[in-house]
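See structure below.
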Amino acid sequence: MNMFKNQIHTVMSAFPPVVEAGTPVHGNDEVERHLVLVEKVAYSKGLPPEAISVMLEFAMSLRMGTVLCARVLRCLIPATVVPQEAVVRAVVWLGVGKIPMSTQVLFIKWVLTMFDMIDGKDQLRAIYGFIFSFVTEENLCPFICHLLYLLTRKESGKSFSHLRYGPFIQRFPQFYSYSLFLVFSSLLQALLTASFFPSLYFLNVFPVSYFYLHQLPAQMGSLLGSSLALQYLDFVQDESALLRLNFWLGYALYEEFLFCGDGGGFQNSDEALQFLNKLLSTENFLQGGFTSSEAFLYKFLTVWDGSLLRPQILALLSNIPVVPSSQIGRLLFEPLMQLFFTSSVFFKVGFPFCLTLCSALCPRNMTLSGFKDSVMDLVHFVGQLASVGLQLEGCHSLLLSFTLDFYETVCDMFLKYGLPLVVMPPPGVFYPTLFATDPISVDRLAYIMYRYKVNLASAKSQEKLTEAFHISSQTFHEFNHYVVVMVNSLWNSRMFKPDMDLKLSEELLLKSSVPQHWTSFDLIHHPAFMSYAIDFHQKVSVDRFG
């Protein structure tokens, strides 16, 4: 014990509270010898309160520069307690502005780790507002939040909830509420603990198991659907936390949906529905899917029956980025084609809808040219399936409506999404829409053609500015041809003429006994507008004859 006291006395004398400014560090053997002694005592017995005070003041005052600061902080392991006054003085040093950000973060981590060993909290709560001011520092923010959580009392939350900290408050409006502030902070604890240095824990008070208990993989699921925790992840961009969440998610999806032993169980339960809904909520909040979710979907599509949890699976499918052109057929088109032709019309309806969203997502690590090729393949693929699907389902109005949703996105790819690509719908989509029996479909087709015109006109002017930009002449030819067909059909009453795509023999047309068959699809006689024509005729008759 006497030897221990002698060692502490040596430590105290070696690092007085005030060190002459400019004392050299490099090559100073005496300082190095004493610091090694401090570390030896700290790691073996812990430092007494007075030594903690001296060493903390020495580190935070930067009297010998920034070189030794982090090293000293790492060995401040208390034998009994940490003096509150020393912590308060050290916090005040943060406001000087000379301490490197990495060292500031390390200090706040040390305070959090030793919080329960601080011999009082009243003085720290007295400078609550000063501590709160550091939440605007991006690197310090999560750790300051944790410290404020530990210090917060109801009156503190009310007193400082009105403070205006610009972008921070705008990004975290929940700080206006004391209760939400506590919830937010408690949700952060699991993530923050993983960032602490394990070596900072005094094993008699903070056993190693405590560290590992706060990143158990099973707890990662608590992040799904929690907007507060996701706001934290999105704000600080913690790659390690996102990687852990992504790894856990991949494991859960594979084990519970692909590799479960009985082939059912969890898949058919309400728990599975809740799990996927939380995953969807998370992806929607983050405005993108997880790589583990993407990889799972490619494998799951090969064994999926098209009905199990269909809304959730299709919604997840809409969140994946476009696959490279060389892989899109194998990973996406082949399994979806089999599902499309063997499923009900309700699956066919959801199919173009999910790929509508998918086509607008920019993939990772793909060039603009590669992205363009993949989107073109995707649009052609949907067009082919929609053409066959409309034939199989007798131009089902719901399927036609969702197909037109898809092309309302496709027609504006150049102007709205900045993609130098214009892809016209195939005849198997254009003509069933033009001859549809409901006026809404025909009206939407006219709107889509108008948007194609606007996009093509803009693309044409862009071609004049740069040679690198080019829209195929075949695209302009297809558009012009469709416009001629629509004008001849709806306005000029020239349906079934030789220059039309749909050709019927004169003999067959005569057998139909339809008078003036070439007018059958103009604005007056078109089946979609017949009800309007009859209504107009009745109103005119009433006005004329009373």
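Scanning the stretch 324-377 for residues that are among the aromatic types (Phe, Trp, Tyr) and open to solvent by less than 10 Å² (accessible area, probe 1.4 Å), which turns out modelled with the lowest pLDDT? It would help to see each step written out before you state the result.
Within the stretch 324-377, the first condition is being among the aromatic types (Phe, Trp, Tyr), and the residues that meet it are 333, 340-341, 346-347, 351, 353, 371.
Pick out the ones that are also open to solvent by less than 10 Å² (accessible area, probe 1.4 Å) and you get 340, 347, 351.
Values: Phe340: 83, Phe347: 73, Phe351: 66.
Checked the stretch 324-377; the qualifying residue modelled with the lowest pLDDT is Phe351.
Hey, among Leu47, Leu35, Leu73, which residue is within 44 Å of the chain's Cα centre (by Cα), surrounded by 19 or more Cβ atoms within 10 Å (Cβ to Cβ) and either of a type in the set (Phe, Trp, Tyr) or at pLDDT 75 or above (or both)?
On the way: Leu47 fails: within 44 Å of the chain's Cα centre (by Cα); Leu35 fails: within 44 Å of the chain's Cα centre (by Cα).
Only one candidate passes the filter, namely Leu73.
Can you tell me which residues in the stretch 121-133 are closer than 16 Å to Gly97 by Cα and modelled with pLDDT of 85 or more?
Result: Phe130, Ile131.
For residues that are under 42 Å from the mean Cα position of the chain (by Cα) and among the hydrophobic types (A, V, I, L, M, F, W, C), scanning just the stretch 50-70, find the one that is farthest from Ile99 (Cα to Cα).
Checked the stretch 50-70; the qualifying residue farthest from Ile99 (Cα to Cα) is Leu56.
Might you check whether a residue that is aromatic (Phe, Trp, Tyr) and modelled with pLDDT of 95 or more occurs anywhere in the stretch 410-425? Explain how you work it out, then say what you get.
Start the filter on the stretch 410-425 by keeping residues that are aromatic (Phe, Trp, Tyr), which leaves 414, 417.
Okay, now just the ones that are also modelled with pLDDT of 95 or more, so none.
Scanning the stretch 410-425, I find no residue that is aromatic (Phe, Trp, Tyr) and modelled with pLDDT of 95 or more, so the answer is no.
Picking from Pro427, Pro420, which residue would you name as being open to solvent by 50 Å² or more (accessible area, probe 1.4 Å) and out of contact with any helix residue (DSSP H, G or I) (no Cβ under 6 Å at 6 or more places or on another chain)? Show your work before the answer.
Working: Pro420 fails: open to solvent by 50 Å² or more (accessible area, probe 1.4 Å).
Pro427 is the lone residue from the list that is open to solvent by 50 Å² or more (accessible area, probe 1.4 Å) and out of contact with any helix residue (DSSP H, G or I) (no Cβ under 6 Å at 6 or more places or on another chain).
Restrict the check to the stretch 56-75 and report whether at least one residue is at positive phi and in contact with a helix residue (DSSP H, G or I) (Cβ under 7 Å, 6 or more places away or on another chain).
Here is the first cut: in the stretch 56-75, the residues at positive phi are 62, 65.
Imposing the further condition that a residue be in contact with a helix residue (DSSP H, G or I) (Cβ under 7 Å, 6 or more places away or on another chain) reduces the set to 62.
There is at least one residue in the stretch 56-75 that is at positive phi and in contact with a helix residue (DSSP H, G or I) (Cβ under 7 Å, 6 or more places away or on another chain).
Report yes if Asn488 is open to solvent by less than 60 Å² (accessible area, probe 1.4 Å), at pLDDT 75 or above and either of a type outside the set (A, V, I, L, M, F, W, C) or in a loop (DSSP other than H, G, I, E, B) (or both), otherwise no.
Numbers: open to solvent by less than 60 Å² (accessible area, probe 1.4 Å): yes; at pLDDT 75 or above: yes; either of a type outside the set (A, V, I, L, M, F, W, C) or in a loop (DSSP other than H, G, I, E, B) (or both): yes.
Yes; evaluated as a whole, the condition is true for this residue.
I'm trying to understand the selection: among the residues of the stretch 463-484, which are in a helix (DSSP H, G or I) and touching a residue at least 40 places away in the same chain (Cβ under 8 Å)? Walk me through how you get there before you give the answer.
Taking the stretch 463-484 and keeping what is in a helix (DSSP H, G or I), we get 463-465, 473-484.
Thr475, Glu478, Phe479, Tyr482 - these are the residues of the stretch 463-484 that are in a helix (DSSP H, G or I) and touching a residue at least 40 places away in the same chain (Cβ under 8 Å).
Just to be sure, is Val88 open to solvent by 10 Å² or more (accessible area, probe 1.4 Å) and either in contact with an Asp or Glu (Cβ under 9 Å, 6 or more places away or on another chain) or not hydroxyl-bearing (Ser, Thr, Tyr) (or both)? First the steps, then the outcome.
Details: open to solvent by 10 Å² or more (accessible area, probe 1.4 Å): yes; either in contact with an Asp or Glu (Cβ under 9 Å, 6 or more places away or on another chain) or not hydroxyl-bearing (Ser, Thr, Tyr) (or both): yes.
Yes.
For the stretch 255-268, indicate whether the set of residues that are surrounded by 12 or more Cβ atoms within 10 Å (Cβ to Cβ) and at pLDDT 80 or above is non-empty.
No: the stretch 255-268 contains no residue that is surrounded by 12 or more Cβ atoms within 10 Å (Cβ to Cβ) and at pLDDT 80 or above.
Under 7 Å between Cβ atoms, at least 6 apart or on separate chains: pull out the pairs that start in the stretch 369-395 with a residue that is in a loop (DSSP other than H, G, I, E, B) and end on any residue that is open to solvent by 10 Å² or more (accessible area, probe 1.4 Å) and among the charged types (D, E, K, R).
Close Cβ pairs (under 7 Å, with a partner that is open to solvent by 10 Å² or more (accessible area, probe 1.4 Å) and among the charged types (D, E, K, R)) do not exist here.
When residues of the stretch 436-460 are filtered for being hydroxyl-bearing (Ser, Thr, Tyr) and open to solvent by 60 Å² or more (accessible area, probe 1.4 Å), how many remain?
Let us first name the residues in the stretch 436-460 that are hydroxyl-bearing (Ser, Thr, Tyr), namely 437, 441, 447, 450, 452, 458.
Filter once more, keeping what is open to solvent by 60 Å² or more (accessible area, probe 1.4 Å): 437, 447, 450.
The number of residues fulfilling the criteria is 3.
If you scan the stretch 101-156, which residues turn out to be open to solvent by 50 Å² or more (accessible area, probe 1.4 Å), over 14 Å from Val91 (Cβ atoms) and among the small types (Gly, Ala, Ser)?
Ser102 - this is the single residue of the stretch 101-156 that is open to solvent by 50 Å² or more (accessible area, probe 1.4 Å), over 14 Å from Val91 (Cβ atoms) and among the small types (Gly, Ala, Ser).
Could you give me the residue pairs with C-beta distances under 8 Å whose first residue belongs to the stretch 428-447 and is without any contact (Cβ under 8 Å) to a residue 60 or more places away in the chain, whose second residue is surrounded by fewer than 20 Cβ atoms within 10 Å (Cβ to Cβ) and assigned to a loop (DSSP other than H, G, I, E, B) wherever it lies, and which are 6+ apart or on separate chains?
Every condition considered, the pairs that remain are Pro432/Cys395.
The values are calculated or read from the model by the stated rules, or taken from the named source; none is laboratory data. Because the structure is predicted, anything quoted here is derived from the model rather than measured. Note that we place each Cβ from the backbone using ideal geometry, even for glycine, and neighbour counts take in every protein chain shown. In case anyone asks, the SASA skips ligands and DNA or RNA and just uses the protein heavy atoms, side chains included. Shrake-Rupley method; radii C 1.70, N 1.55, O 1.52, S 1.80 Å.
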